[in-house]
Structures are given as C-alpha cells and as structure tokens.
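What follows draws every value from the coordinates through simple rules; no lab data is involved. What you see is a predicted model; the values in this text were computed from it and never measured. Cβ placement follows ideal geometry from the backbone for every residue including glycine, while neighbour counts extend to all protein chains displayed.
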Amino acid sequence: MPQSYDRVFNFSAGPCTLPVEVLEEAREDLLNYKGTGLSVMEMSHRSKPYEKIIGEAEADLRTVLGVPEGYKVLFLQGGASLQFTMIPMGFLPAAASADYIITGAWGKKALEAAQMVGTVRKIFDAKDSNYNHAPKLTSLDVDPNAAYIHYTSNETIQGVDFFEDPSTAGNWVCDASSDILSRPMDVSKYAMMYAGAQKNMGPAGVVVAIVRDSFFDTLVEKTHPMLDYRVHAENGSMYNTPACWSIYMCGLVYKYLLRNGGLAASAERNQKKAGTIYSAIDGSGGFYKGHAVPENRSWMNITFTLPNEDLTTEFIAGAKAKGMIELKGHRSVGGCRASIYNAFPQEGCDALAQFMGEFAAARG
Ligand SMILES: *Cc1c(COP(=O)(O)O)cnc(C)c1O
C-alpha cells in the first residue's frame, strides 16, 4: 500500500523522516502562523509569538523527557559536533583530565576534539571489534577526579546502543543525538546530555543541550561568548538569533510525542520496529549478518552485511525500486544501515523485512 503523499520509506541516518502529521501542521501554519500574518520563518525571535513557541518547546521537552528541576535546556546551533567541541573548551580546565568512552565514530570524533584542548583519558575503545559492542558503564575504570566522563549512548554509524543510564558518581556527559526520545532516559543521572535535532527531534539546524546547574559552576573562567554555556544560558538561548524554524518544528514533534503516549510508548514502538528487521536478519540462515552484538543492538540504526559487495549493491537498488531509500551502510561498517528513528513507521520495517526475506530466498 503506498504511503500518503506517495512518500517513500526513508531509512536515512539523518536528516530523516518526520511525522507526517507534524509536517501537515507546519504546512497549515506556513503562510500565516495562527493569525499572526506571517510565517515562523519570518518572525522576530524577540516577538511575543516566538517567545511562546520557544517557551512551549522547552516546556514540552522537559515534560516528555522528564528533565528534573535544576537543569537548563538550551537550543543551540552548530550541531552535536559543536557541542563535543565546546564541552572540553568549557568543562576541561588545564589542570584536570576527562574520561572518554569510545564505542564508535562519534565518540572518536568527540575524543579528538577534546584532545586538542587538554588532558584526556580513553577508558574504553571497541576498535578491535570494529565497534560492535558497548561496555557496562559500571565496569569501567572511571577516574574519580575526572572533570567529566563522555560517552555516546547510541553510535549512529555502527548501530550500537548502551541502553543504560550511568549509575555511579561523576559528571556524566552523553551525546544522545541518535537515541534521545526513543526511550525513557533518566536525565538526573547526567551532568549534561546533548543531541542534534535531525535524528529524533526535527530538522537540522538546532542542537539541544541539557545541563545541570551545578555543572555550570565547573566551567573555566573565560571562553569566547559564542562558545560559553553561561552566556547561552543567561540569554535564554538567544545570545544570537536561534534556529527559529527548527526549534518550532522540534516543538511540534515534542507535542506529537506527548499526544502519543510519551517515551514509554515510543520505546515500545521502536523496540517492535527494530525487532521486525533484526528477525529478518536472524531468520535468514546467515545470509544477513548483524554488526552489533545482540545486547547492544540499536533500535534506531540497524547495521547488517550481505555475503558480498555485488549482492549488497543489488539489494540496495532492489529496495529503492520498492520505495525504500538510503539503505547503504557507512563505509567503515559496509553493507546496509536501516535508520528507523521515532517517526519511521512500522509499515516501512515490515516492507523491508519482507523484501529481505524475498531477496535472501532468491539469492541465498
Ligand atoms: C549525527 C550525529 C552527530 C553529529 O551531528 P551534527 O549535528 O551533524 O554535528 C554527533 N553524534 C551523534 C551520535 C550523531 O548521531
């Protein structure tokens, strides 16, 4: 059955699928936002209607994710990449050291950004297994004096998820770009959590940083204002012009999630969706091989390989002909990657699983 508006099943790792009803709402409001006579794109970020938009977005994110009192929520720019650049600049003083846990490509980039700033310890690196697993956080040799401990809850390229909040002391900092809002997370366990919008929250252009108030006290004295968390917090994410439209879209997505049962329901849908595709991998008699070890199999990014390069190319082309796009895996893992964030429908997972079965039967 074709999707509404003849849309394809978009397995892109990001930017990615947004909920159709959110896109419809944005379309409805595009030319004249709720009687203001202009679109959100054209509106002053200092205007009353926009204050309401960003205020509601923050309040709804706090509700849906369960952000406790004592945390600032910032809507910044420069993506998750600028966050993992700003974090060591702000939170890693010259006399201190920070711990980094590397379970894939993004953690590695974050580590490299920190190494340019100060002293860093790599306390875990899954390189030898080509990043197919994550450790138990409690098993790691964390420096009790670390300025912070950084990890990536879901490695988007490898498809490896911790499925675990930290449970020990320390300033835990998490890049949750590709699994935020996909399942409940206990924000109170983190000094900071950040996530680029373009996976589970909205369009590209905005990154959310959730920072514990007491973590601000550990900031170095002086940073350039644009790179200073204090400055962004003091100015309510409006030290400079924020990504107005992207924040508005994120706000619509938060409301959509709240209407649809919050993160418990989101987790249930995502686990089922991922299960559909992992079953197709496991039921293929070895034709498809999952990259991640079973306990760390991401619900968001499903990575798998086929017996060879030619079959992979044929598979991706065959899927595309059936309206399933962006299945090519990252070159570091090879094979395929099916990214199925929150807004990706179950029907798309069913369609992919069916095609995987047919393809394996014909070529296996
Ligand atoms: C996509 C992604 C990033 C990079 O995000 P940008 O917004 O492009 O900077 C960082 N970390 C993770 C886990 C990601 O999935």
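Measuring max minus min along each principal axis, the C-alpha atoms of the stretch 23-259 give extents of 57, 38, 28 Å (largest first). Sites listed here are GluC sites (Glu not before Pro) in the stretch 216-283 whose DSSP assignment is loop and whose Cβ has at most 12 other Cβ atoms within 10 Å: E221. Look at where the Cα atoms of the stretch 123-151 and of the stretch 1-29 average out, and the two centres are 36 Å apart.
Using R0 = 45 Å, the C-beta based FRET efficiency linking A95 and E309 works out to 0.35.
Of the options I101, I281, P2, report the single residue whose Cα projects farthest towards the positive end of the charge dipole of the chain (beta-carbon charges: Lys, Arg +1; Asp, Glu -1). The residue sitting most towards the positive pole is P2.
Of the trypsin sites (Lys or Arg not before Pro) found in the stretch 40-74, those that fall in a DSSP loop while having at most 11 other beta-carbon atoms within 10 Å are R46.
When the Cα positions of V211, T313, A113 are compared along the charge dipole of the chain, T313 comes out farthest toward the positive end, with charges on each C-beta of Lys, Arg, Asp and Glu.
Bridges between two residues of the chain, per DSSP, are antiparallel at a rate of about 55%.
For K289, the aspartates and glutamates whose Cα comes closer than 15 Å to its Cα, not counting residues fewer than 8 places off in the same chain, are E309. Dividing the summed helix terms, -39500 (n - 2.57) for each DSSP H run of n ≥ 4, by the number of residues in the chain produces a 222 nm estimate of -11500 deg cm²/dmol to the nearest 500.
Summing Lys and Arg as +1 and Asp and Glu as -1 over all other residues whose Cβ lies under 15 Å from the Cβ of S97 gives a net charge of -1. Under the convention that each Lys and Arg Cβ holds +1 and each Asp and Glu Cβ holds -1, the size of the dipole of the chain around its Cα centre is about 280 debye. Neighbour counts of other Cβ atoms within 10 Å put V211, V117 in the fewest-to-most order V117, V211. In the chain, Cα pairs under 8 Å separated by at least six residues give a relative contact order of 22 percent.
Of the listed peptides 155-165, 122-132, what is their order by residue-averaged count of other C-beta atoms within 10 Å, with the highest listed first?
Descending packing order for the listed peptides: 155-165, 122-132.
Lysine pair count for the stretch 23-259 (Cα-Cα distance under 19 Å; residues 8 or more apart in sequence or on different chains): 16.
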